[in-house]
Amino acid sequence: MSSVRVENATKDYQLGRTTVPALRGVSLAVEQGECMTVAGPSGPGKSTLLNLIGCLDHPTTGRVLIGAADVATLGDDALSDLRAERIGFIFQTFNLIPVLSALENVEFPLLVRQSAGKRTKGAARERARRALDEVGLAGFAQHRPDELSGGQRQRVAVARALVTDPVIVLADEPTANLDSQVGMQV
């Protein structure tokens, strides 16, 4: 069974009276352990595709399956659980919580899962510290996002996406704000 399967997905957006097609009949399958890169110029729908796979949006037509689950059939709570349990996101715009420190931003997805009994708070804090260390930011744990450079914020976002050991990692230009040497390390 595929980890991700997209079947003839389209996505249209309404801009006033104009319908803008972002995706047209996209199909793909990604098996467990497989890595896939979607590359191309700005504008053809790469981020839209990631948002569909990440259960942040629904296709206009077609289907998106994560494991055996057709995401269109899941309610909001089930989609939230699916995202928390299986998917790590590295957003192009970081999406860090401004009032939280780097450590708290990385710890946050673990605490969401903790409510389901997955970890103790101490274990979550320690795992978040290790994740920050793995991206070279152990010394910046108490800094808030506005106290970090763009590259440092990107590395916090990478640590946050990977800290839960997700089955699926979706990365939208994950190293765009990093120099080549740091990008290779992360």
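Candidates Asn105, Asn95: the one that is within 17 Å of the chain's Cα centre (by Cα) and at pLDDT 95 or above is Asn105. Among the criteria (1) under 18 Å from the mean Cα position of the chain (by Cα); (2) under 23 Å from Arg130 (Cα atoms), the one Ala78 does not fulfil is (2). Looking only at residues of the range 5-18 that are hydrophobic (A, V, I, L, M, F, W, C) and at pLDDT 95 or above, we find that the one that is farthest from Thr61 (Cα to Cα) is Val6.
Taken over the range 1-19, the residue count meeting the criterion of being without any contact (Cβ under 8 Å) to a residue 60 or more places away in the chain and surrounded by 10 or more Cβ atoms within 10 Å (Cβ to Cβ) is 9.
Quickly run through the range 131-150 and pick out the residues that are in contact (Cβ under 8 Å) with a residue 12 or more places away in the chain, touching a helix residue (DSSP H, G or I) at 6+ places or on another chain (Cβ under 6 Å) and either β-branched (Val, Ile, Thr) or assigned to a helix (DSSP H, G or I) (or both). The answer is Ala131, Leu132, Val135, Phe140, Pro145. Checking each residue in the range 31-88 for being in a helix (DSSP H, G or I), hydroxyl-bearing (Ser, Thr, Tyr) and open to solvent by 60 Å² or more (accessible area, probe 1.4 Å) picks out only Thr73. Within the range 82-89, at least one residue is at pLDDT below 90 and within 26 Å of Arg155 (Cβ to Cβ).
The values are calculated or read from the model by the stated rules, or taken from the named source; none is laboratory data. No experiment lies behind these values; they were computed from the predicted model shown. We place every Cβ from the backbone using ideal geometry, glycine too, and count neighbours over all the protein chains shown. We work out accessible area using only protein heavy atoms, side chains counted, and drop any ligands, DNA or RNA first. Shrake-Rupley method; radii C 1.70, N 1.55, O 1.52, S 1.80 Å.
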